Amino acid sequence: MDMMTRIAALTADCIKALWPDAEGLPAAEEIRGLLAVPPDPALGDYAFPCFRLAKPLRSAPPKIAEAICGAWQATGTASVQPVNGYMNFFLNRANFAAEIMAELSEKGDRFGSSDEGSGKTVCLDYSSINIAKRFHIGHLSTTMIGHSLKRIFEFLGYKTVGINHLGDWGTQFGKMVCAYKKWGNKEDVEKRGIDAMTELYVRFHQEAEKDPALEDEGRAWFKKIEDNDPEAMEIFRWFKEVTLKDAAKVYDKLGVSFDSYAGESFYNDKMEPVVRMLKEKGLLVESQGAQVVDLEEDNMPPCLILKSDGATIYATRDLAAAIYRQDTYHFDKCLYVVAYQQDLHFRQVFRVLEKMGYPWAKNCVHVAFGMISFEGEALSTRKGNVVLLEDLLDQAVEKALAIIEEKSPGLPNKEEVARQVGIGAVIYTDLSNNRIKDIDFRWDRALNFDGESGPYVQYTHARCCSVLRKAPDFTGVTPDWSALTDDEAQALLRLISRFPDVIRDAADKYEPSMVTRAVTDIAQAYNKYYYEHRILDGEPAQAAARVALTGAARQVIKTGLYLIGIEAPERM
Ligand code: ARG
């Protein structure tokens with residue numbers, strides 16, 4: 001339990017003991033929310049404002065603060081003083097340090113983990129790329145937010161299922177197969193992959209303008225795909241393979257993997273029962289020839305289920321997918337990490353599931369995120385300025401290598417470190433802001449070793465490793481925790497003690513950036529400590545304590561980076 005939670009729990013106990021019959025008093029959780037860190041350390045390590053208690057107790061805050069402080073003193077956990085209606089807590093700094101360090105050495109690299117998710121399953125739908133399309137920088141957020149959330153939930157004991165819900169269904173694939181049959185060339189597609197497929201698709205549209213009959217041919221090929229025609233399927237499956245091979249290169253670079261690639265076409269034979277059920281429940285109504293679920297009561301446009309030609313659509317597939325996932329994985333939560341533009345789609349789908357009588361519909365969550373631009377320019381396919389993710393990653397590694405060559409020419413494994421730093425810089429940028437905010441990717445910021453960046457945090461980790469390498473062997477030395485009572489050490493310890501809570505909050509809010517923020521704060525606090533104190537000097541018992549603190553910072557930074565999908569080199 002971290003210090004704030006403990007103080008809150010004890011305060012709640014004191015209040016209860018003092019006024020057993022009063023009503024409307026805050027519980028420990030609310031008290032925890034009200035606890036603040038005073039701007040001036042002379043006012044204590046934490047402060048609790050008693051104003052919230054004035055009304056239920058019908059008494060003045062200063063009087064209340066005095067009464068609770070009296071009860072508190074008896075517990076001995078911290079000394080506490082009433083000041084102007086506040087309770088100011090002064091921790092026993094050496095004890096505080098000893099407690100956290102004991103927890104860290106007990107938990108080791110599991111510090112911050114928990115088993116609160118044990119027996120529960122979280123499905124995560126992320127990345128979910130489209131067949132025959134390039135992996136561009138716009139796909140970075142879904143991929144990395146999903147990947148990070150997967151690690152965070154696993155760290156909290158959940159079983160997770162990572163699903164790449166491939167966009168592998170739609171009339172465009174009929175057109176593409178048709179174009180391939182007419183003008184395609186096997187070696188070319190093998191060699192140039194998605195570029196060759198895209199060209200075929202573009203050519204199809206150009207030719208179809210001259211010869212509208214082509215559209216019918218394209219539709220006929222799509223029908224063949226739907227009917228599992230062997231020739232059509234072979235070509236289509238091959239297109240898929242080529243796309244996935246290309247994507248695998250990016251996934252490898254990012255260190256991302258999936259448990260399932262069941263995409264839209266996987267549900268081809270699973271929608272009929274969904275449509276039947278919608279009919280049986282009287283939810284389907286006709287609208288201009290199409291079958292829809294009316295959502296007027298919910299202030300939403302109708303959810304389209306079957307087009308007038310009877311074809312299913314994106315939403316139908318998502319209904320089938322959600323039901324399949326519940327039946328197969330029995331998820332406690334199903335997260336959809338998809339851009340905010342699809343907000344309405346998911347609200348509609350979740351509402352329809354609810355109307356179908358599935359109580360678990362409320363456990364489906366759209367984890368939305370904002371747009372990414374590059375050096376101030378929006379990424380629009382139409383204007384042609386698409387930044388390919390693979391190129392971006394390669395460039396990041398190259399630029400990182402150049403910086404490393406300059407800063408640490410003697411470093412062994414320069415290439416490997418440059419890979420970790422370059423990729424880390426890109427991921428950090430993506431996960432550094434509240435996910436709903438738009439991101440502008442800029443090289444100078446991403447690779448600034450001194451600013452708030454991936455390389456900065458990684459560098460701090462490497463610095464900790466270097467201190468630990470230089471430290472003598474302290475076996476047999478009992479650390480003197482009173483060496484960690486200075487402001488810098490305490491600030492660092494406080495951040496470390498809050499780390500487990502940060503992970504939990506990040507999971508609650510589906511917000512990896514909270515972990516990014518925490519590792520950055522810890523890195524900054526460590527660097528401040530590092531500059532102010534001579535870690536290896538002085539009495540062995542004191543040096544041992546400072547080295548242990550360095551080990552703690554290293555551990556937590558490494559865990560935090562892992563949770564956002566970034567590697568932590570030991571030398572930089
Ligand atoms: N392939 C879709 C796109 O790129 C995202 C799919 C998201 N997942 C889902 N179950 N709808 O827009």
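Placing pseudo-labels 7 Å out from each Cα toward the beta carbon at LYS210 and LYS186 gives an inter-label distance of 2.8 nm. Over 26 Å between C-alpha atoms is what I'm after, so list which of LYS191/LYS414; LYS407/LYS528; LYS16/LYS120; LYS186/LYS245; LYS133/LYS333 land there. With Cα atoms farther than 26 Å apart: LYS191/LYS414; LYS16/LYS120; LYS133/LYS333.
Applying 1/(1 + (r/R0)^6) with r as the Cβ-Cβ distance of SER79 and ARG347 and R0 = 51 angstrom yields a FRET efficiency of 0.45.
The slack in the chain from PHE51 to ASP109, taken as 0.36 nm per residue of separation less the alpha-carbon distance, amounts to 16.8 nm.
Taking the Cα centre of the chain as the origin and placing charges on Cβ (Lys, Arg +1; Asp, Glu -1), which of GLN395, PRO479, HIS330 is farthest toward the positive end of the dipole? Going by the Cα projections, it comes out as PRO479. Each of THR478 and ASP259 was given a label point 7 Å from its Cα along the Cα-to-Cβ line. The distance between the two points is 4.7 nm. Entry comment: accessible area of the stretch 265-410 is 51 Å² per residue, from protein heavy atoms only and a probe of 1.4 Å.
Highest-first packing order for the peptide set 396-404, 371-379 is 396-404, 371-379, based on the mean count of other beta carbon atoms within 10 Å. Sorting 236-246, 12-22 by average packing, meaning the other beta carbons within 10 Å per residue, from highest down gives 236-246, 12-22. Expressed as a whole percent, the accessible area of the stretch 487-530 that falls on carbon and sulfur atoms is 47 (1.4 Å probe).
Calculated mean residue ellipticity, 222 nm, the chain: -18000 deg cm²/dmol, from DSSP H runs (n ≥ 4) at -39500 (n - 2.57) each, averaged per residue and rounded to 500. For the pair MET371 and TYR340, the difference between a 0.36 nm per residue extended length and the Cα-Cα distance amounts to 10.3 nm. Over the Cα atoms of the stretch 277-395, the radius of gyration divided by the Kirkwood radius equals 1.08; this is the Rg/Rh ratio. Summary of packing: across the peptides 118-131, 468-481, the per-residue average of other C-beta atoms within 10 Å ranks them, highest first, as 118-131, 468-481. Distance between the 7 Å Cα→Cβ label points at LEU34 and ALA311: 6.1 nm. Long hydrophobic helices in the chain, taken as whole DSSP H segments with a C-alpha length of 30 Å or more on their own axis and mean Kyte-Doolittle hydropathy at least -1.0: 230-254, 487-509, 540-563. Sequence-distant contacts, meaning Cα pairs under 8 Å at least 6 residues apart, place the relative contact order of the chain at 15 percent. Using a ≥ b ≥ c from the Cα gyration tensor of the chain (square roots of the eigenvalues), is it rounded, prolate or oblate, where a/c under 1.5 gives rounded and otherwise the larger of a/b and b/c decides, a/b for prolate? Verdict is oblate for the chain. Any idea what the relative contact order of the stretch 143-278 is, in percent, if you count C-alpha pairs under 8 Å spaced at least 6 apart? Computed over the stretch 143-278, the figure is 39 percent. A Förster radius of 56 Å, combined with the Cβ-Cβ distance separating ASP229 from GLU66, puts the computed FRET efficiency at roughly 0.10.
Nearest 5 percent is fine: what portion of the DSSP beta bridges confined to the chain is antiparallel? DSSP beta bridges in the chain are roughly 55 percent antiparallel.
Tell me, what is the 1.4 Å probe accessible area of TYR261, in Å² to the nearest 10? In the full protein context, TYR261 sits at about 100 Å².
Probing with 1.4 Å while keeping every protein chain in the model, the per residue accessible area of the stretch 430-561 equals 41 Å².
If you take the square roots of the eigenvalues of the alpha-carbon gyration tensor of the stretch 358-500 and sort them as a ≥ b ≥ c, do you get rounded (a/c under 1.5), prolate (a/b over b/c) or oblate? Oblate shape, in that a/c is at least 1.5 and b/c is the bigger or equal ratio. The magnitude of the dipole of the chain, with charges of +1 and -1 set on the Cβ of Lys/Arg and Asp/Glu and taken from the Cα centre, is near 400 debye.
The values are calculated or read from the model by the stated rules, or taken from the named source; none is laboratory data. It should be emphasised that the depicted structure is a prediction, and the values quoted were computed from it without experimental measurement. Note that each Cβ is placed from the backbone with ideal geometry, even for glycine, and that neighbours are counted across all protein chains shown. Quick note on the areas: whole protein, heavy atoms, side chains included, nothing else; ligands and nucleic acids left out. Shrake-Rupley method; radii C 1.70, N 1.55, O 1.52, S 1.80 Å.
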